[in-house]
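Trainee: My questions all concern the structure below.
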Amino acid sequence: MNLRQSTWALPVLIGLASLIGLVVGLVGDGVFDALGWIGLLSVLLAIGWVWRRREAVRT
Amino acid sequence: MKRNTLRVWFQVHRWSSLVCTLFLLLLCVTGLPLIFWHEIAHLTGGEPELPAATANARPVSVDTLVARALRARPSDVPLFVSWEEDEPRVTYVTTGPRPDASNDEMYVSTFDGLTGTAIPAPQFNEGIMWVFYRLHTDLYAGLPGLLFMGLMGLLLVLAVVSGVVLYAPYMRKLPFGVLRGGQRRLAWLDWHNLTGIVTLAWLSVVGLTGVINTLEQPLVGLWQQQHVAQVLQEPPGVAPPRRPAASLQAAIETAHARHPDAIPSWVGFPGTGYSGQLHYGIFLRGDTPLTARLVTPVFAHATTGKLAGSVTQPVWMQALLLSQPLHFGDYAGLPLKILWALLDLVAIVVLVSGLVLFVRRGSRAQIEARIDARMEMAR
C-alpha cells in the first residue's frame, strides 16, 4: 500500500519518531542526543519531502 | 462520523483556536529568542571567560562568597546559591530585599568559585530577554498571568485534539501532505493540515509541559506543605533568619557525603519557598540530562547546621521537574535548540494559516457546503 495514500501511516510514524526523539534525548548524551535530533528532524524532512513533490499530486 | 458530530468538532476547533491564537502567536514569537537565552547571554558577556586555574587551587568556601555578595548589598538577604551546569567554577549568589522577593527584585552576584573574585555579569532580570521572558510566562501579571497563559495552553491542547479529529475525514481520499498551490483558501487549508499534523506530537508536548510549568508556584507550595513540612518539623508562624548562622559550606559537604554520587546543583535559603522558614534546601543532581533535572533535596537547619533529612519527590513534582527541559528543548545541545526554533516557526505557520482560514471562512452556506463535502469525502 502507498504510504502517502494512507490517512494515518505517515502522521503516526512522524508522531512516534518525534516522541521517541524527545524522550531519548533526555536519557543520555552523545548518541542519545543524536537519536533525539533525528526523531524531531523527521517533522521537517516530511514537510520538505512533500514540498518538493507537490507538483506530482496537484489535483 | 455523523454530520452533527463533525459540526460540533468544527465548532470546538474554531473557538478553542480563536480564543488562544493571538496568545500562542505571542508565545511562539517570544519563545524563539528564549530558546537561545543561554547562548545570547554568552555572546553578550553573561558568562565571561575564566582565568586558567592554578594547580592545586582549592575552591573558596561558599560562606565566603555569600558574605562577599552581602557586603556589596548590605540591606539584602541571601536567597539562592547555584552553580553553572557545564562550568561549576562559576558560582551565582542571588540576593534580594526579602526572603520571598520576586524575580524582579533579585540581584545576582557572579563569582569564580576557585579564586573567589567577583565576575562582572549582566543581570538575568534586565534587558530585552527579560521582557520576552515576562511576555512569554506571566504577561507582567504574576501568578494570575501565569495561570491565564496555562489556560491558553489547555485551549491549544483542545485545538490540537479537535484538529486531529477533523483531519481524518478530510484526508481520507487525499495523499499525505497534498499541497495545491495558488492563492485559494484550499492552498491555506493544505498547509494548515500538513503543518498541523506533523507538529502534532511536538506541539502537544511543548504545550502540555508549558501548562505544567505555569503551575510551578502552586505545585511547589503544595509540595512544601504536604512533604517537606513533615521532615522539617518547624514551629508554626516562625520567621526566617536574615543572616543564617550555620555554615552553608559545611551543610553542603554533609549533604554531599550522604549522596556521594550526586552533584550540588543549587541551594535555597530559609524562607525562599523551597526549604521551610528555618532550613537550607540543598538540591543535588545526577549527571545525565534526566537525573540532572530530578534533583534530590537535602535539608539542613540554618542555625544549628543539623541535617533534617531529605524528601523523595512525589510523581507530580518529578513531572514538573521534567516539564522544564521538555518545554525549553535545552537538553541535547545546540542542534536540538535549532530544531526547537524551526519547529516553533512551523507552529507559527499552523497558527497563521488557521487565522487566514477563519478570516476567509465565507458565508454560513459556504461553511455548511464544506461540511457536506467533507462528509462526502469521508464516506
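The values are calculated or read from the model by the stated rules, or taken from the named source; none is laboratory data. Please read these numbers as outputs of a predicted model, since none were measured by experiment. When we count neighbours, we look across all protein chains shown, and the Cβ atoms used for this are built from the backbone with ideal geometry, even at glycine.
Trainee: Name the single residue that is farthest from the chain's Cα centre (by Cα) among those in the range B:159-202 being free of Cβ contacts under 8 Å to residues at least 12 places away in the same chain, more than 16 Å from B:Arg370 (Cα to Cα) and more than 10 Å from chain A (Cβ to nearest Cβ).
Mentor: Filtering the range B:159-202 for residues that are free of Cβ contacts under 8 Å to residues at least 12 places away in the same chain, more than 16 Å from B:Arg370 (Cα to Cα) and more than 10 Å from chain A (Cβ to nearest Cβ), the one farthest from the chain's Cα centre (by Cα) comes out as B:Gln183.
Trainee: Could you tell me which of the residues B:Gly177, B:Gly163, B:Gly150, B:Gly145 is under 24 Å from A:Gly48 (Cα atoms), of a type in the set (Gly, Ala, Ser) and out of contact with any Lys or Arg (no Cβ under 8 Å at 6 or more places or on another chain)?
Mentor: On the way: B:Gly177 fails: out of contact with any Lys or Arg (no Cβ under 8 Å at 6 or more places or on another chain); B:Gly150 fails: under 24 Å from A:Gly48 (Cα atoms); B:Gly145 fails: under 24 Å from A:Gly48 (Cα atoms).
Just one listed residue meets the conditions, B:Gly163.
Trainee: Do the conditions hold for B:Arg14, that is, is it among the basic types (Lys, Arg), surrounded by fewer than 19 Cβ atoms within 10 Å (Cβ to Cβ) and in contact (Cβ under 8 Å) with a residue 40 or more places away in the chain? Walk me through how you get there before you give the answer.
Mentor: Working: among the basic types (Lys, Arg): yes; surrounded by fewer than 19 Cβ atoms within 10 Å (Cβ to Cβ): yes; in contact (Cβ under 8 Å) with a residue 40 or more places away in the chain: yes.
So B:Arg14 passes the test.
Trainee: Can you tell me which condition B:Thr115 does not meet? The list is (1) outside any strand (DSSP E or B); (2) buried (at least 20 other Cβ atoms within 10 Å of the Cβ); (3) among the polar types (S, T, N, Q), and all the others hold.
Mentor: Just one mismatch for B:Thr115, condition (2).
Trainee: Would you confirm whether any residue within the range B:85-100 is touching a residue at least 40 places away in the same chain (Cβ under 8 Å), outside any loop (DSSP other than H, G, I, E, B) and among the hydrophobic types (A, V, I, L, M, F, W, C)?
Mentor: Scanning the range B:85-100 turns up at least one residue that is touching a residue at least 40 places away in the same chain (Cβ under 8 Å), outside any loop (DSSP other than H, G, I, E, B) and among the hydrophobic types (A, V, I, L, M, F, W, C).
Trainee: Separate question: Quick one: B:Ala246 ticks every box in (1) assigned to a loop (DSSP other than H, G, I, E, B); (2) within 14 Å of chain A (Cβ to nearest Cβ); (3) among the small types (Gly, Ala, Ser); (4) surrounded by 16 or more Cβ atoms within 10 Å (Cβ to Cβ) except a single one, so which number is it?
Mentor: So B:Ala246 meets the others, but not (2).
Trainee: Every residue in the range B:91-112 that is surrounded by 19 or more Cβ atoms within 10 Å (Cβ to Cβ) and closer than 17 Å to B:Gly271 by Cα, please.
Mentor: B:Val93, B:Thr94, B:Thr95, B:Gly96, B:Pro99
Trainee: Among the residues in the range B:260-267, are any surrounded by 17 or more Cβ atoms within 10 Å (Cβ to Cβ), among the small types (Gly, Ala, Ser), in contact with a Leu (Cβ under 7 Å, 6 or more places away or on another chain) and farther than 29 Å from B:Ser75 by Cα?
Mentor: The answer is yes; a qualifying residue exists.
Trainee: Applying the selection to the range A:1-45, what residues are modelled with pLDDT under 95, within 24 Å of B:Pro169 (Cα to Cα) and more than 9 Å from every other protein chain (Cβ to nearest Cβ)?
Mentor: The answer is A:Met1, and nothing else.
Trainee: Within the range B:238-256, is even one residue of a type in the set (Val, Ile, Thr) and under 26 Å from B:Thr110 (Cα atoms)?
Mentor: yes
Trainee: From the list B:Ala239, B:Ala308, pick out the single residue that is among the small types (Gly, Ala, Ser) and crowded, with 20+ Cβ neighbours inside 10 Å.
Mentor: Of the residues listed, the single one that is among the small types (Gly, Ala, Ser) and crowded, with 20+ Cβ neighbours inside 10 Å is B:Ala308.
One line per residue, one yes/no per condition, for (1) touching a residue at least 24 places away in the same chain (Cβ under 8 Å); (2) in a helix (DSSP H, G or I); (3) over 27 Å from B:Pro325 (Cα atoms):
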site	(1), (2), (3)
A:Ser6	no, no, yes
A:Leu13	yes, yes, no
A:Ala17	yes, yes, no
A:Leu22	no, yes, no
A:Leu35	no, yes, no
A:Leu40	no, yes, no
A:Leu44	no, yes, no
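Trainee: Here's another thing I want to ask about it. I'd like the full set of residues that are at the interface with chain B (Cβ under 7 Å from one of its Cβ atoms) and within 11 Å of the chain's Cα centre (by Cα), limited to the range A:46-59.
Mentor: Quick first cut of the range A:46-59, residues at the interface with chain B (Cβ under 7 Å from one of its Cβ atoms) only: A:46-47, A:50-51, A:54, A:57-59.
Of everything in the range A:46-59, those that are at the interface with chain B (Cβ under 7 Å from one of its Cβ atoms) and within 11 Å of the chain's Cα centre (by Cα) turn out to be A:Ala46, A:Ile47.
Trainee: Another question, then. Select from the range A:1-34 the residues that are more than 21 Å from A:Trp49 (Cβ to Cβ), among the β-branched types (Val, Ile, Thr) and exposed (fewer than 15 other Cβ atoms within 10 Å of the Cβ) and list them in ascending order.
Mentor: Residue satisfying the conditions is A:Val31 alone.
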